[in-house]
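Asks: For reference, the structure I am asking about is given below.
Bear in mind that the values in this text are calculations on the coordinates, not laboratory data. Because the structure is predicted, anything quoted here is derived from the model rather than measured. Heads up, the Cβs are rebuilt from the backbone with ideal geometry, glycines too, and the neighbour counts pull from every protein chain shown.
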Amino acid sequence: MNDAHLHLLVNHFPIIGTILGLGILITGILQKNKSVKNTAYILFIVAAIFAAFSMGTGEGAEELVEDLPSIGKQIIHEHEEIAEKFAIIMYLNGFLGLLTLYTSIKNHKLATTFSYITLVLAIIAAVFAKSVGTSGGEIRHTEIRANTVINSNENAPGLQNVKDED
């Protein structure tokens with residue numbers, strides 16, 4: 001198993017964990033259910049750990065695929081830039097999730113305030129999650145790149161690259 005394979009194994013959880021955690025946190029806040037909110041905080045913590053694993057395997061994955069045809073270094077660089085920002089947000093969200101979980105368990109008066117701060121940061125993380133997931137997918141999935149159009153010729157349906165931006 002190489003770094004590219006490891007990267008593909010771990011890179012989905014920070015995205016999915018953030019989105020699930022966000023939904024669970026909103027549900028917990030609306031229902032005023034401490035256990036549901038605590039579940040969201042734990043998801044944010046785990047997602048942050050997986051973000052660290054993703055960052056740790058990203059460089060090795062880059063080395064393996066950057067010279068493959070139709071990939072190019074520019075598209076990987078764009079993904080890496082977004083991923084670095086996303087990772088920072090994830091680390092903050094994981095730390096805040098840990099802090100909020102602690103204040104919730106201890107019934108601290110700041111637990112509700114931290115809950116709303118965590119919610120705002122989770123929304124920001126979800127926006128970045130979409131961007132980093134899309135940019136990562138574009139590396140090998142040329143059909144989702146912005147420069148791809150659907151061929152309208154009925155005899156040859158499918159996707160066709162307009163131009164390759166290397």
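Asks: Residue by residue through segment 20-27, which ³J(HN,Hα) values in whole Hz follow from phi under the Karplus form 6.51 cos²θ - 1.76 cosθ + 1.60 (θ = phi - 60°), with glycine and proline marked x?
Replies: Per residue, the Karplus-derived 3J(HN,Hα) values read 5, x, 4, x, 5, 5, 4, 4 Hz.
Asks: In nm, give the distance between the simple-model label positions of Lys109 and Glu78, each being 7 Å from the Cα along the Cα-to-Cβ direction.
Replies: 5.0
Asks: Once a ≥ b ≥ c are taken as the square roots of the eigenvalues of the Cα gyration tensor of segment 71-136, is the result rounded (a/c under 1.5), prolate (a/b larger than b/c) or oblate (a/b not larger than b/c)?
Replies: prolate
Asks: I would also like to ask the following. In percent, how large is the relative contact order of segment 1-140, given Cα pairs closer than 8 Å and 6 or more residues apart?
Replies: RCO, segment 1-140: 32 percent.
Asks: Something else: How far apart, in nm, are the 7 Å Cα→Cβ label points at Ala52 and Leu9?
Replies: That separation, rounded to one decimal, is 1.8 nm.
Asks: Separate question: First measure r as the distance between the Cβ atoms of Leu98 and Lys130, then evaluate 1/(1 + (r/R0)^6) with R0 = 25 Å and state the FRET efficiency to the nearest 0.05.
Replies: Numbers: r = 24 Å, r/R0 = 0.97.
Computed FRET efficiency for Leu98 and Lys130: 0.55.
Asks: Quick check: Cα centre of segment 43-97 to Cα centre of segment 23-38, how many Å?
Replies: Measuring centre to centre over Cα atoms gives 28 Å.
Asks: Now for a different question. Order these peptides, 97-106, 27-36, by their mean beta-carbon neighbour count within 10 angstrom, highest first. Write out the running numbers ahead of the final one.
Replies: Details: 97-106: 18.2, 27-36: 13.3.
In decreasing order of mean packing, 97-106, 27-36 become 97-106, 27-36.
Asks: Per residue, how big is the convex hull of segment 25-69 when only Cα atoms are used? Give it in Å³. Working shown, then result.
Replies: Numbers: hull volume 3.1 nm³, N = 45.
Spread over its residues, the Cα hull of segment 25-69 gives 68 Å³ apiece.
Asks: Which order do peptides 115-126, 38-49, 2-13 fall in by mean Cβ count within 10 Å, highest first?
Replies: Taking the mean over residues of other Cβ atoms within 10 Å, the ranking is 38-49, 115-126, 2-13.
Asks: Quick one: if you take sqrt(5λ) for each eigenvalue of the C-alpha gyration tensor of segment 7-106, what semi-axes come out, biggest first, whole angstrom? Could the numbers behind the result be given before it?
Replies: Values: eigenvalues 214, 28, 19 Å².
Ellipsoid half-lengths, sorted descending, are 33, 12, 10 Å.
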